[in-house]
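Some notes on the structure that comes next.
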Amino acid sequence: MLEISTLRLHSEEITQKLLIKNFPAENIIKEVLSADQQKRELQTELDTINASGNRSAKEIGRLMTTGQNAEAEKLKIEATGFREKAKELEQKIREAETALEELLVRIPNTPSEKVPAGKTAADNKPVYENDCKPTATGTLFPHWDIIKKYDIIDFETGIKISGPGFPVYKGKGARLLRALINYCLDEACKAGYKEMIPPVFVNSASAYATGQLPDKDGMMYEMKEDKLYAIPTAEVPLTNIYRDVILKEEDLPVKITGYTPCFRREAGSWGADVRGLNRLHQFDKVEIVQICKPENSYLTLEEMRNFVQNLIISLGLHSRTLLLCGGDMSFTSAMTYDLEVFAAGQKKWLEVSSVSNFETFQANRLRLRFKDANKKTQLAHTLNGSALGLARILAAIIENYQTPDGIIVPEVLRAYTGFEKIF
RNA sequence: AGAGAGAUGGCAGAGUGGUUUAAUGCGGCGGUCUUGAAAACCGUUGUCCCGCGUAAGCGGGACCGGGGGUUCGAAUCCCUCUCUCUCUACCA
């Protein structure tokens, strides 16, 4: 959510910036400003009434303790009814606040100046590509064929137990996935991230604070009985650790990481090109999160992007990094890099990480702040990224390391798997 | 899940209808003293909203778990929800 104070001062500039995201903001911003104006007028009115009510009450108290009861009674009659008026105003203010909030949450984050214009994924700007060309040669099969051959991932049994999109990882397949989880977490810890194991069900306040609610409630599995949501990403619980927190300047940057399974309903997003591990209802992901001072957030974004790029290189996967154009960015992001690996069997790029700077957009809803050197509290900047989305990494490893007589395990994972080849 | 007890500032902990502007202690910050530190002493201390001001700040309002009620006036009384603790039961 954008800050109303910024919107008041820079509405024109914000409108301009939002055009990069193809979002026509002029009208809604006008509405916001007038709703804000109305709310403030009501607030001033209420404050005035409260001030005079407080004065009378105090005076009555003083008269009664000094024994001037007759005077007190007279004043009591005069003071009757002010509370009712105040309540009426409070109600109006609540309504005005709700109206303002409903408008505000519909305005996306403004893109950074570095974000290129564009409408679709085709307009994303490639900024990096590594040279880890696949070692596999000959006829290359997509992973959904290979996993059957070695019986390491079983979709049919998953369908029996849960439904489509809930695979069962078996034997060396399970072991390889667990190796990836441990490897990614260990690398993140080495890079200074503190490991967390958060809850995988969150309440609506948390889902709201990171932006999954109210708009995207169709994406999450919901347990209505207990009013809980299955997390679509560890970003939700990890970021919410810092909801309503005021950090000290010396605590920054905060760097945390966590592995969780992620649950996504993916309603309506199924099609021919989302076979196998490409898109699942449940998948595994290691997430990295940073909270930092505003002036550092773009350096931090680069640091996080480099970390993820190097992680992918260390797995020997051919990958590229795209700077997302305005039209392809998420609602909440100010700047996003998508990192893709090439899956040699399907001959397709798979998105395995998305690293974003949200500036104060998330922090505003989270009320995540820090005290700066001048002892002023101000909103922190938040960033997060996948490191990595493991189902697709697994798919890419299976396809890129396939040989006629087995799948080679990437070298860095062998200490974790205890084997070098799946056959 | 049943029974009981609770929820007050960064923490501990008073406060059961009216100078409460929430006592006091600890912690934090600043200072005096000191070669430096400790101790002692003095001062200071949260969050949000509105207004004025370039600003430091000043003025007003709100906040004692959340919401509602009674009252001229609520941390205090009533209702309700949530959470925590203790005991019992159950459980990995």
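Can you send over the solvent-accessible area of A:Ile407, 1.4 Å probe, protein chains only, in Å² to the nearest 10?
It works out to around 0 Å².
Could you tell me what fraction of 2.2 N^0.38 Å the Cα radius of gyration of the range A:305-407 comes to, as a two-decimal ratio?
On the way: Rg = 17.8 Å, N = 103, 2.2 N^0.38 = 12.8 Å.
Against the compact-globule rule of thumb, the ratio is 1.39.
Around A:Thr300, what is the net charge, scoring Lys/Arg as +1 and Asp/Glu as -1 over all other residues with Cβ under 12 Å from its Cβ? Before the final figure, lay out each step's value.
On the way: positive: A:Lys255, A:Lys293, A:Arg305; negative: A:Glu295, A:Glu302, A:Glu303, A:Glu359.
Surrounding charge for A:Thr300 is -1.
Gain in length, A:Met223 to A:Ile28, computed as 0.36 nm per residue apart minus the alpha-carbon separation, to one decimal in nm? Can you show the working numbers first?
On the way: separation 195, 0.36 × 195 = 70.20 nm, distance 3.36 nm.
Result: 66.8 nm gained on full extension.
May I ask you to compute the full-extension gain from A:Thr377 to A:Val200, defined as 0.36 nm times their residue separation minus their alpha-carbon distance, rounded to one decimal in nm? Present the calculation step by step, with values, prior to reporting the outcome.
Details: separation 177, 0.36 × 177 = 63.72 nm, distance 3.08 nm.
Gain on stretching A:Thr377 to A:Val200: 60.6 nm.
Pairs to check: A:Lys172/A:Lys285; A:Lys194/A:Lys347; A:Lys160/A:Lys227; A:Lys17/A:Lys92; A:Lys160/A:Lys190; A:Lys17/A:Lys293. Give those whose C-alpha atoms are more than 30 Å from each other in this structure.
On the way: A:Lys172/A:Lys285 19 Å; A:Lys194/A:Lys347 36 Å; A:Lys160/A:Lys227 27 Å; A:Lys17/A:Lys92 33 Å; A:Lys160/A:Lys190 40 Å; A:Lys17/A:Lys293 22 Å.
Checking Cα-Cα distances, A:Lys194/A:Lys347; A:Lys17/A:Lys92; A:Lys160/A:Lys190 exceed 30 Å.
Would you mind checking the tilt of helix A:69-79 against the longest principal axis of the Cα atoms of chain A, expressed as 0 to 90 degrees and rounded to 10?
It works out to around 50 degrees.
Sort A:Met196, A:Met329 by accessible area with a 1.4 Å probe, largest first. Display every interim value, and only then the final one.
Numbers: A:Met196 45, A:Met329 20 Å².
Result, largest first: A:Met196, A:Met329.
Please identify which residues in the range A:22-47 have an amide N closer than 12 Å to a label point set 7 Å out from the Cα of A:Ala99, following the Cα→Cβ vector.
The answer is A:31-42, whose backbone nitrogens lie closer than 12 Å to the label point.
Relative contact order for the range A:261-356: what is it in percent, counting Cα pairs under 8 Å that are at least 6 residues apart?
Working: 92 pairs, mean separation 18.4, N = 96.
About 19 percent, as a whole number.
Please compute the per residue accessible area over the range A:4-104 with all protein chains in place, 1.4 Å probe, rounded to a whole number of Å². Please report the intermediate quantities before stating the final value.
On the way: 6830 Å² over 101 residues.
So the range A:4-104 comes to 68 Å² accessible per residue, rounded to a whole number.
Whole Å is fine, so just give me how far the alpha carbon centre of the range A:286-339 lies from that of the range A:81-143.
15 Å
Carbon and sulfur: what percent of the range A:208-329's accessible surface (1.4 Å probe)?
Working: 2340 of 4880 Å².
Carbon and sulfur: 48 percent of the exposed surface of the range A:208-329.
Hey, what did chain A get for relative contact order, percent, Cα under 8 Å, at least 6 apart? Walk me through the numbers before you get to the answer.
Working: 778 pairs, mean separation 84.5, N = 423.
Contact order relative to length: 20 percent.
Quick one: Cα centre-to-centre distance for the range A:394-422 and the range A:15-43, in angstrom?
If we compute the Cα centre of each part, the gap is 53 Å.
Would you be so kind as to identify which of A:Leu9, A:Leu413, A:Tyr128 lies farthest towards the positive end of the dipole of chain A, taking Lys and Arg as +1 and Asp and Glu as -1 on Cβ and the Cα centre as origin?
Farthest towards the positive end: A:Leu413.
When chain A is treated as a GNM, springs tying every alpha-carbon pair under 10 Å, which of A:Asn364, A:Asn374, A:Asn384 comes out with the largest mean-square fluctuation?
Its mean-square fluctuation being the largest, the pick is A:Asn374.
Can you give the calculated 222 nm mean residue ellipticity of chain A, where each DSSP H run of n ≥ 4 adds -39,500 (n - 2.57) and the sum is split over every residue, rounded to the nearest 500 deg cm²/dmol?
Numbers: 13 runs with 176 residues, N = 423.
Taken over chain A, the calculation gives -13500 deg cm²/dmol.
Pull out a ≥ b ≥ c, the square roots of the eigenvalues of the alpha-carbon gyration tensor of the range A:4-104, then state rounded if a/c is under 1.5, prolate if not and a/b is larger than b/c, and oblate in the remaining case. Each step should come with its number before you reach the end.
On the way: a/c = 6.25, a/b = 3.96, b/c = 1.58.
It comes out prolate by the Cα gyration axes.
At a 10 angstrom cut-off on C-beta neighbours, averaged per residue, how do the peptides A:225-236, A:109-120, A:336-347 rank from highest to lowest? Don't skip to the end; give the middle numbers.
Working: A:225-236: 19.5, A:109-120: 16.7, A:336-347: 22.8.
Ranking the peptides A:225-236, A:109-120, A:336-347 by packing returns A:336-347, A:225-236, A:109-120.
Hey, any idea what Rg/Rh is for the range A:121-422, computing Rh the Kirkwood way over Cα pairs?
0.97
Just name one of A:Gly171, A:Ile161, A:Gln378: the one whose Cα is farthest towards the positive end of the charge dipole of chain A (beta-carbon charges, Lys/Arg +1, Asp/Glu -1).
About the Cα centre, the residue reaching furthest to the positive side is A:Gly171.
Of the heavy-atom accessible surface of the range A:1-58 (probe 1.4 angstrom), what whole percent is carbon and sulfur? Could you put the intermediate results ahead of the total?
Details: 1850 of 3630 Å².
Heavy-atom surface of the range A:1-58 belonging to carbon and sulfur, 1.4 Å probe: 51 percent.
Which whole-number percent is the relative contact order of the range A:269-423 (Cα, under 8 Å, 6+ apart)?
Normalised by residue count, the contact order of the range A:269-423 is 27 percent.
Where the only charges are on Cβ atoms (+1 Lys, Arg; -1 Asp, Glu), what is the dipole of chain A about its Cα centre, to the nearest 20 debye?
On the way: 55 positive and 58 negative charges, 112 e Å.
Charge dipole of chain A: 540 debye, to the nearest 20.
Quote the accessible area belonging to A:Arg264 in square angstrom, nearest 10, computed with a 1.4 Å probe and with ligands, DNA and RNA left uncounted.
We get 60 Å² for A:Arg264.
Tell me, what is the 1.4 Å probe accessible area of A:Cys132, in Å² to the nearest 10?
30 Å²
Along Cα→Cβ, 7 Å out, is where each label goes; now give me the distance between the ones at A:Phe82 and A:Glu45 in nm to one decimal.
Inter-label distance under the simple model: 1.8 nm.
What's the angle, to the nearest 10 degrees (0 to 90), between helix A:26-65's Cα axis and the longest principal axis of chain A?
For helix A:26-65, the angle is close to 40 degrees.
To test your reading of the geometry: what angle, between 0 and 90 degrees and rounded to tens, separates the Cα axis of helix A:390-400 from the longest principal axis of chain A?
Here the helix axis deviates by roughly 20 degrees.
Enter the accessible area per residue of the range A:315-363 (Å², integer; probe 1.4 Å; all protein chains in place).
Details: 1030 Å² over 49 residues.
Ligands and nucleic acids excluded, the result is 21 Å² per residue.
If A:Trp349, A:Trp144 are ordered by their accessible area, calculated over protein heavy atoms with a 1.4 Å probe, which sequence runs from highest to lowest? Please list the in-between numbers first.
On the way: A:Trp349 70, A:Trp144 45 Å².
Sorted descending by solvent-accessible area, the residues read A:Trp349, A:Trp144.
In a GNM of chain A with a 10 Å cut-off on Cα contacts, which of A:Glu12, A:Glu359, A:Glu88 has the highest mean-square fluctuation?
Fluctuation is largest for A:Glu88.
Kindly report the accessible area of the range A:226-305 per residue (heavy atoms of protein chains, probe 1.4 Å, no ligands, DNA or RNA), in Å².
Details: 3260 Å² over 80 residues.
Here the per-residue accessible area is 41 Å².
Rounded, prolate or oblate: which fits the range A:383-423 when a ≥ b ≥ c are the square roots of the eigenvalues of the alpha-carbon gyration tensor, with rounded for a/c under 1.5 and prolate only if a/b beats b/c? All intermediate terms of the calculation are to be shown ahead of the outcome.
Numbers: a/c = 3.60, a/b = 1.72, b/c = 2.09.
Oblate is the answer for the range A:383-423, as a/c is 1.5 or above yet b/c matches or exceeds a/b.
The values are calculated or read from the model by the stated rules, or taken from the named source; none is laboratory data. Everything numeric in this text was worked out from a predicted model, so none of it was measured. Every residue, glycine among them, receives a Cβ derived from its backbone with ideal geometry; neighbour counts consider all protein chains shown. Heads up: the accessible areas ignore ligands, DNA and RNA and are worked out on the full protein's heavy atoms, side chains in. Shrake-Rupley method; radii C 1.70, N 1.55, O 1.52, S 1.80 Å.
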